[in-house]
Amino acid sequence: MITAALAYQVPKSASSSPSSPSSAESPIDTPPGDHKRADRKGAHGEADGALPDGVTVFDDGYPAVAKLDPDLLQALREAATDAADDGVKLYVNSGWRSPERQNQLLREAVSKYGSEEEAARWVATADTSPHVSGDAIDIGQSNATAWLSEHGAEYGLCQIYSNEPWHYELRTNAIDHGCSRMYADPTQDPRMQQ
């Protein structure tokens, strides 16, 4: 977990400038610069869910945003509108992903971490990933994730994993009852046990 926290830290210069969204994310889930590397290789581009820097929850021109669950997207847009009043912009590092892109991210995680078991702490299979179904979003910039951590439940937006402060999903019961206790990482999530 310390590694995840350190990997997520953003230099002050990157997080203080609203025009330069951070690419800091999970070590593999959607690695910094992944969208550029994928486009250069031609392996997985925007059609598979890759995103350039600076995409917000309002940018429907990208499948990663447009293919999100409509209720999740509506909640995100409501939150983003209110966050903007506090000077915070909700950038999207990752949203919907194709199964092929998800599988590629998993292969990269296995290569990086040396085992499927360790990789599973960061990347789900295409069959279990809420990104593939359009039910999850990874938000960029630490000020945005801090804002969502404080206010997200008001919109039903909850952080699901304590090792992924950027990963949010819609939990409408959180509007009245607050977000549920987080799982340590995806390996603790019963949905990932399929």
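Ala144 passes every criterion in (1) among the small types (Gly, Ala, Ser); (2) assigned to a loop (DSSP other than H, G, I, E, B); (3) within 19 Å of Gly87 (Cα to Cα) apart from (2).
Looking across segment 153-164, the residues that are farther than 15 Å from Val92 by Cβ and either crowded, with 19+ Cβ neighbours inside 10 Å or over 15 Å from the mean Cα position of the chain (by Cα) (or both) come down to Ala153, Glu154, Tyr155, Gly156, Cys158, Gln159, Ile160, Tyr161, Asn163. Per this entry, Ala120 is not counted among residues that are hydrophobic (A, V, I, L, M, F, W, C), open to solvent by 20 Å² or more (accessible area, probe 1.4 Å) and free of Cβ contacts under 8 Å to residues at least 12 places away in the same chain. Considering (1) surrounded by 15 or more Cβ atoms within 10 Å (Cβ to Cβ); (2) at pLDDT 95 or above; (3) over 13 Å from Leu76 (Cα atoms), the lone condition that Gly178 does not fulfil carries the number (1). Scan segment 54-106 for residues that are more than 13 Å from the chain's Cα centre (by Cα), farther than 15 Å from Asn143 by Cβ, in a helix (DSSP H, G or I) and of a type in the set (Gly, Ala, Ser) and the total you get is 2. Taking the stated definitions as given, is Ala109 in contact with a helix residue (DSSP H, G or I) (Cβ under 7 Å, 6 or more places away or on another chain), at negative phi and open to solvent by less than 10 Å² (accessible area, probe 1.4 Å)? Yes; evaluated as a whole, the condition is true for this residue.
Among the residues of segment 107-141, which ones are of a type in the set (Asp, Glu), within 14 Å of the chain's Cα centre (by Cα) and not in a strand (DSSP E or B)? Lay out the reasoning, then the answer.
Of the residues in segment 107-141, the ones of a type in the set (Asp, Glu) are 108, 116-118, 127, 135, 138.
Pick out the ones that are also within 14 Å of the chain's Cα centre (by Cα) and you get 135, 138.
If the condition is that a residue be of a type in the set (Asp, Glu), within 14 Å of the chain's Cα centre (by Cα) and not in a strand (DSSP E or B), then Asp135 is the only one that fits.
The values are calculated or read from the model by the stated rules, or taken from the named source; none is laboratory data. Because the structure is a prediction, the values reported are computed rather than measured. Glycine gets a Cβ as well: all are built from the backbone with ideal geometry, and neighbour counts include every protein chain shown. These accessible areas exclude ligands, DNA and RNA; they are computed on the full protein's heavy atoms, side chains included. Shrake-Rupley method; radii C 1.70, N 1.55, O 1.52, S 1.80 Å.
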